[in-house]
Amino acid sequence: MRFSISLLVRCAVLVLVGLGMVSAVAAADRDKLLSEPGVYGTFAAFSLDAGWAKQDQVVRIAQLTVLKGVVEQHREKLAIDVYLLRGLSDHADVLFRMHATELRDTQQFLLDLQGSLFGQHLTDSTVFSGLTKKANYVPGMPDNLKAELKIPSEPGLMPYVIVIPIRKDADWWSLPQEQRAAMMQEHTEAALPYSKTIKRKLYHATGLGDLDFITYFETSRLDDFQSLILGLEKVKEFRHNRRFGHPTLLGTVTSLDEIIEVLAQ
Amino acid sequence: MRFSISLLVRCAVLVLVGLGMVSAVAAADRDKLLSEPGVYGTFAAFSLDAGWAKQDQVVRIAQLTVLKGVVEQHREKLAIDVYLLRGLSDHADVLFRMHATELRDTQQFLLDLQGSLFGQHLTDSTVFSGLTKKANYVPGMPDNLKAELKIPSEPGLMPYVIVIPIRKDADWWSLPQEQRAAMMQEHTEAALPYSKTIKRKLYHATGLGDLDFITYFETSRLDDFQSLILGLEKVKEFRHNRRFGHPTLLGTVTSLDEIIEVLAQ
Amino acid sequence: MRFSISLLVRCAVLVLVGLGMVSAVAAADRDKLLSEPGVYGTFAAFSLDAGWAKQDQVVRIAQLTVLKGVVEQHREKLAIDVYLLRGLSDHADVLFRMHATELRDTQQFLLDLQGSLFGQHLTDSTVFSGLTKKANYVPGMPDNLKAELKIPSEPGLMPYVIVIPIRKDADWWSLPQEQRAAMMQEHTEAALPYSKTIKRKLYHATGLGDLDFITYFETSRLDDFQSLILGLEKVKEFRHNRRFGHPTLLGTVTSLDEIIEVLAQ
Amino acid sequence: MRFSISLLVRCAVLVLVGLGMVSAVAAADRDKLLSEPGVYGTFAAFSLDAGWAKQDQVVRIAQLTVLKGVVEQHREKLAIDVYLLRGLSDHADVLFRMHATELRDTQQFLLDLQGSLFGQHLTDSTVFSGLTKKANYVPGMPDNLKAELKIPSEPGLMPYVIVIPIRKDADWWSLPQEQRAAMMQEHTEAALPYSKTIKRKLYHATGLGDLDFITYFETSRLDDFQSLILGLEKVKEFRHNRRFGHPTLLGTVTSLDEIIEVLAQ
Amino acid sequence: MRFSISLLVRCAVLVLVGLGMVSAVAAADRDKLLSEPGVYGTFAAFSLDAGWAKQDQVVRIAQLTVLKGVVEQHREKLAIDVYLLRGLSDHADVLFRMHATELRDTQQFLLDLQGSLFGQHLTDSTVFSGLTKKANYVPGMPDNLKAELKIPSEPGLMPYVIVIPIRKDADWWSLPQEQRAAMMQEHTEAALPYSKTIKRKLYHATGLGDLDFITYFETSRLDDFQSLILGLEKVKEFRHNRRFGHPTLLGTVTSLDEIIEVLAQ
């Protein structure tokens, strides 16, 4: 429990944060990976096995140091984010999001992660990948809508993360482009009121797994997020979702160091 | 078994109840969390692993003392209720219900719980959250109906708890508000005869997981509850439930101390 | 294997049967519980874990003695039946059927059972409950049908048990009562030819889990039972079963002492 | 691996085959069980647990000797066939098919099997049973078709076995007999070209589990078998299969001694 | 992790590659198996159990040497390919593809594989098989289309592999041949633009399991592959897929030696 963090952990964390400093060099690359089209985003969720917590704290800290090392080692090629799901999702305990220009680099990271002493405690992995693309339908939308879409979301920390996998039905893909465009404009207008308090990112997953889209959200206002989804459920396009969630991943945005502190306790 | 409770348990329970006293300070807060809108309710169901019962009773009591401590520690921010499912549901053995104004606080509690020596025996967790809101459709209902809805349910202990997760179909959300309102009035009228013997509480779950609603019931009359559900299954609105239950959680309302006594045996 | 029963088991069985005698007092109550409306019937199926058979026979016999004790202890409030599923169902190895006027009493029995040294080997529990009621539709049926329904099934042992959980579709419940009554008369007429060789019992499960009905059958003629179900599948009412079986539990009717003998080997 | 069979195994196998001789007496009975109506056929598929292969070869051979003993012991009442699924089905490693006039006898065999030292390594059991009956629809078919149906399949070993469980939809059973007969004639004509190279056997499963039929096939020509199924998928009757396979079991026909040799390695 | 490969592994890999040389003799056969109709292709995916990584590296290398031996031993009759799924699919860690003229030979290989010391760490196996055939619909297609289909895909390594299992709906098979041919021509035209960058291979699975087709792809351009699938989802034929993927297997094409190096680390 919180109050039980030993001095040992504190030291360990200092050391780990120290390691963190080293990798600052790769920061620039990260911005491109997170903003540009043609980037592969992979979500890997894991549960911790029963053995993890049974280990002595010193052992766990040693293994978390390895985790830190594996992440740092791949930071040059990958943008790696971590999230804490335990307590808010029953699907998994931790979530990694990787961005890379080649999925092989992501695979190499996950091989190293799962092969590490820490990774041996990761079970029930769920992995799905998607590709970032230029907006499909926005070009055809009215200018005022385009303009509003350009307004950035509020700055500052957004503590909650939600990931919703989506699969469209067969009808959707057989619809003519203009019909899909019209539905997507309706979808976009319904989402617009929440663009300030909710960050969104879209990944195209068709063919890379059993999904068509991965929708990623960050927010500090879960009530707003609920209103957003209720709004999206009312538009025609929603009826073409054969799968929406299952699972919906809900968690909190954390740093690698914060996760390490939680897992060390 | 019942008759096998050792003096040791009795003492332990006394000690634990003692601890219970301490936390009385937080009581006031609890009423607001359980009655007001804008509160997040989280249901976390767990099974006990095979190792739990194999442990020596003294060890189990020590771990239950930790459980008690973790719960007390979070009582300031959270309203925490516990229920015993084993024997009435195959889905899980125990159920925790947490009410909080921020889901992060609930996550912190579950992190501490699952990280504790007791929590290491909790498996197959099922977690879903919802948000309490002002009644959506009641404002438009006739005054006599509104009046009847204000009549409180009978006072006194209601020993049984039922939790039914609900997901509406895509048609439901695309219906105009007045049509949904009309159906909900029919739904409400069907439920009214049971408002005395059955306590209800509704949580809006859309976007926080794969549910739209979490319905919570307490009753001492399971036959009345069966009649209530049969009544609700007859109204049009029911046909818009894509999912109703799966699982339906049935258990008994208990205090933390009662659960501890059961688990200590 | 059969032939390998040691004298030890024989003695143990004698002792257990001895215990059995003691509980004869509660017998009267049992008849009421099995015949009257307003009684809760609970079906709890369990598999034996891999550890069970690996134990020394002496240990298993000691644990089975505890099982016997737990059952006897609850016989005053509960009517408890046991069935052997292993070999005929893959769903579970043993099935307990409990009848009680309060589900809390059934829960207390299952808590004691699962908490016992024997119960620690019970896994993958499946539990569902239903309520016995006066016949819904019979009152409106023609007198000759009512008369035929009164004819009791053949006396004597019926070695096979079948339990089929049923969930009706949303259409069923929204049908007017008279339409459902007409369909149920057709259903009843189809079932009538088999009333002599097949004992039936019906439980209303709506709201107590994810079922609407639990149908219970005993027979010595599985070929007749197959013809019965084929007959029922042909009537209109069958088309309103969203779920029929899944699982269908097939096993043999045994006494507690017989099960103990089987498990002791 | 093949080449690693020790002399020990060879000897053990000789001994086991020796045991095999003893049971020749029961052979006659077997033919009736496999050909006559009113016989219960049970399919029990099992996986071997992780512990099996980790055991010393001597221990495995000792346990396989027990397996042989259990099978021989029940040969008087049961016709028992074994199949090797591992490598061709992911569902299970071995399949037992039992024919008996009473399912209780089959249950007793499976109880003895699962209770044996060998059986303790059998997991994830899948069990389903069916009843052999006189052909339902053939009597109404034209004489030339009847005649062709009488032509026996080619003699000699058919190395491959396929078992496909089937569940019909609610429409099927509510169709008038003559309509079903017409569809079954179309079905039969589609199957006829393959009667020489593919042996078929049908079991009626309604009410004994969640299936309506179990179809059993033996062939040395899997390409012919594929053509047969493609032919059957084209006829109207196929559209009334709510479930077809799931799982489809594919394996090889083996003798008990061959399986023992494989498992001993 | 990569950087931690000990000299020991390097040596071991040299030895293993050495073994590889020996089996060059069988190479010719392989081309026929991979190109001709009437060949059975089997896909077997496995996860590595938790015990694998916990073993000492020397032990793992010894077991991987056995793996190499088992594969070489079967190379005469089988064409065996291996793929690395871990990190890109959550379904399994490694995938084996076997081509054989008789499924029994494939079964024998998998029996030897799973029976080996290495194979004892393989769990959650998924196995499905299909038969290669002459193109069904191409003969009826216009000559220019036939010509384009003959153009080989670009030479050189295609690092990514995708395997998508497909099941058609009942309507598909009951459609007249010419209608299916027309839809398949539309399907083929949609796929044509990607024939250069994406290698395809088709297996007919009907009757050999619960699939109708297994589609196999190799590419170095996952973005092209995504466009291909999006194109195929737009044509009428796609609406007759009852199942498409579930799972979709995504991984990387590797040599046995590369996999051994990864698993040895």
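The values are calculated or read from the model by the stated rules, or taken from the named source; none is laboratory data. Predicted model only: the values in this text are computed from it and were never measured. As a convention, Cβ positions derive from the backbone with ideal geometry for all residues, glycine included, and neighbour counts pool all protein chains shown. Ligands, DNA and RNA are excluded from the accessible area calculation, which covers all protein heavy atoms including side chains. Shrake-Rupley method; radii C 1.70, N 1.55, O 1.52, S 1.80 Å.
Between the stretch E:85-159 and the stretch C:43-76, what is the separation of their alpha carbon centroids in Å? Taking the Cα centre of each part, the stretch E:85-159 and the stretch C:43-76 sit 49 Å apart. Highest mean packing comes first when the peptides A:153-162, B:251-260 are listed by Cβ atoms within 10 Å, giving B:251-260, A:153-162.
Shielding value for A:76-88 is 3, the average number of Cβ atoms from other chains within 10 Å of each residue's Cβ.
What shape does chain D have by the C-alpha gyration tensor, where a ≥ b ≥ c are the square roots of the eigenvalues, rounded means a/c under 1.5, and otherwise prolate means a/b greater than b/c and oblate the rest? In terms of gyration-tensor shape, prolate.
In vacuo Debye scattering of the stretch B:81-127, one point per C-alpha: log10 I(q)/I(0) at q = 0.34 Å⁻¹? Listed by q, the Debye log ratios stand at -1.27.
Net charge in the neighbourhood of B:VAL127 (other residues with Cβ under 10 Å of its Cβ; Lys, Arg +1, Asp, Glu -1) is 0. Pairs spanning more than 29 Å between alpha-carbon atoms, out of C:LYS168/C:LYS196; B:LYS168/C:LYS168; A:LYS133/A:LYS168; B:LYS236/C:LYS236; C:LYS236/E:LYS236; A:LYS201/A:LYS236: C:LYS236/E:LYS236. Taken about its Cα centre, the protein assembly as shown carries a charge dipole of about 480 debye when Lys and Arg each add +1 at the Cβ and Asp and Glu each add -1 at the Cβ. A simple spin-label model places pseudo-atoms 7 Å from Cα toward Cβ; at B:ALA50 and E:GLU178 they are separated by 6.3 nm.
Per the Debye formula on identical point scatterers at the alpha carbon atoms of the stretch A:180-248, with no solvent, log10 I(q)/I(0) at q = 0.18 Å⁻¹ is -0.75.
Computed with a 1.4 Å probe over protein heavy atoms only, the accessible area of E:LEU34 comes to about 50 Å². Full extension of the chain between C:GLU76 and C:LEU34 yields a length gain of 13.7 nm, computed as 0.36 nm times the residue separation minus the alpha carbon distance. Show log10 I(q)/I(0) for the stretch D:129-192 at q = 0.21, 0.24, 0.27 Å⁻¹, two decimals, from a solvent-free Debye sum over equal Cα scatterers. Scattering profile of the stretch D:129-192, log10 relative to I(0): -1.15, -1.27, -1.31.
Of all DSSP bridge pairs formed entirely within the protein assembly as shown, close to 95 percent run antiparallel.
Computed extension gain for E:ALA62 through E:VAL138, at 0.36 nm per residue and net of the alpha carbon distance, reaches 22.5 nm. Pairwise alpha-carbon distances in the protein assembly as shown exceed 51 Å for 31% of all pairs. Size descriptor for the stretch E:27-74, Kirkwood hydrodynamic radius: 13.7 Å (Cα pairs only, one decimal). Rounded to whole Å, the principal axis extents of the Cα atoms in the stretch C:129-265 read 55, 34, 26, largest first. Relative to its Kirkwood radius, the Cα radius of gyration of the stretch D:61-184 gives an Rg/Rh of 1.06. Membrane-span-like helices in chain D, defined here as complete DSSP H runs extending at least 20 Å along the helix axis by their C-alpha atoms with mean Kyte-Doolittle hydropathy no lower than 0.5, are D:7-22; this is a sequence and geometry rule, not a statement about a membrane.
Suppose a student asked you for the relative contact order of chain C, using Cα pairs under 8 Å spaced at least 6 residues apart; what percent would you report? Relative contact order here is 26 percent.
Mean per-residue shielding of peptide E:172-180 is 2, counting Cβ atoms of other chains within 10 Å of each Cβ.
Just so you know, the Cα atoms of the stretch C:161-217 work out to an Rg and Dmax of 12.7, 34 Å. When shorter helices are ignored and each DSSP H run of at least 4 residues is given -39500 (n - 2.57), the per-residue value for the protein assembly as shown at 222 nm works out to -12500 deg cm²/dmol.
Look at where the Cα atoms of the stretch D:168-214 and of the stretch B:214-258 average out, and the two centres are 41 Å apart.
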